[in-house]
Amino acid sequence: MWWAAAALEEALREAQRAYPSETGGLLLGWSGQPGMVFISQVIGPGPGASHRATAFSPDAAWQEEQLAYAYELAGRRLQYLGDWHTHPRGTTRLSRTDRATLRHIAEHPDARAERPVMAVLAGGPLWQISVRQQVHGRGGPRPLILEVWKSPSD
Ligand SMILES: [Zn+2]
């Protein structure tokens, strides 16, 4: 899987800004067959989000607006891929809630992501990054190998 450097840096900046509280948001890009994922953009938590040490709740209305705007700019060539969030002072291991969230998204077609992706940024101020993908009916989420996609002009 590939993550555009500018989008990854945006998530890292937000992780550091919210530290030691949790934060997160949405992942946008393109995905094909299982394991083929390109993250080109991230959306943050929004100005009305609330952050605690081990949980956060996003400003969902703001995120919807940002998502609609991103779709419009991309001429709908953009997909919602899943979510990202931080585990400040923690590890990249998924919590029970994280696993339940992934399964829920994978099993509900109205959630817009058939094979949802979950990125976890753990630690701070140095962040470890892991990205997993849930494939419906194939057990637990699978780890993906992260490659960062950066052009010299970024
Ligand atoms: Zn988590």
Q | Spacing of the two label points (7 Å from each Cα toward its C-beta) at T91 and W30, in nm | A | 3.6
Q | Under 5 Å, built H, 5+ apart or other chain: amide partners of A49 | A | D59
Q: Considering the convex hull of the alpha carbon atoms of region 2-149, report its projected area averaged over all viewing directions, in nm², one decimal.
A: 8.1
Q. V135's amide H: which non-local residues (gap 5+, or another chain) put their own amide H closer than 5 Å, with H modeled 1.01 Å from N in plane and none for Pro or chain starts?
A. R142
Q. Where in the chain are the DSSP H helices whose C-alpha atoms run 18 Å or more along the long axis and whose mean Kyte hydropathy is at least -0.5?
A. 5-18, 60-73
Q.
Using +1 at the C-beta of Lys and Arg and -1 at the C-beta of Asp and Glu, which of Q128, L146, P116 has the Cα lying farthest in the positive direction of the dipole of region 112-154?
A. P116
Q: Measure off, as a whole percent, the carbon and sulfur share of the 1.4 Å-probe accessible area of region 63-141, all protein chains present.
A: 47
**Q.** Average accessible area per residue (Å²) across the chain - probe 1.4 Å, nucleic acids and ligands excluded
**A.** 56
Q.
Compute, for region 2-149, the length of the dipole vector about the Cα centre, with Cβ point charges of +1 (Lys, Arg) and -1 (Asp, Glu) only. Units Debye, rounded to 20.
A. 560
Q.
Can you show me the helix-derived [θ] at 222 nm for the chain, built from DSSP H runs with n ≥ 4 at -39,500 (n - 2.57) apiece and divided by the number of residues, rounded to the nearest 500.
A. -8500 deg cm²/dmol
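The values are calculated or read from the model by the stated rules, or taken from the named source; none is laboratory data. Remember, predicted model here, so these are calculated numbers, not experimental data. All Cβ positions, glycine included, derive from the backbone under ideal geometry; neighbour counts span all protein chains shown. Heavy atoms of the whole protein, side chains included, go into the accessibility calculation; ligands, DNA and RNA do not. Shrake-Rupley method; radii C 1.70, N 1.55, O 1.52, S 1.80 Å.
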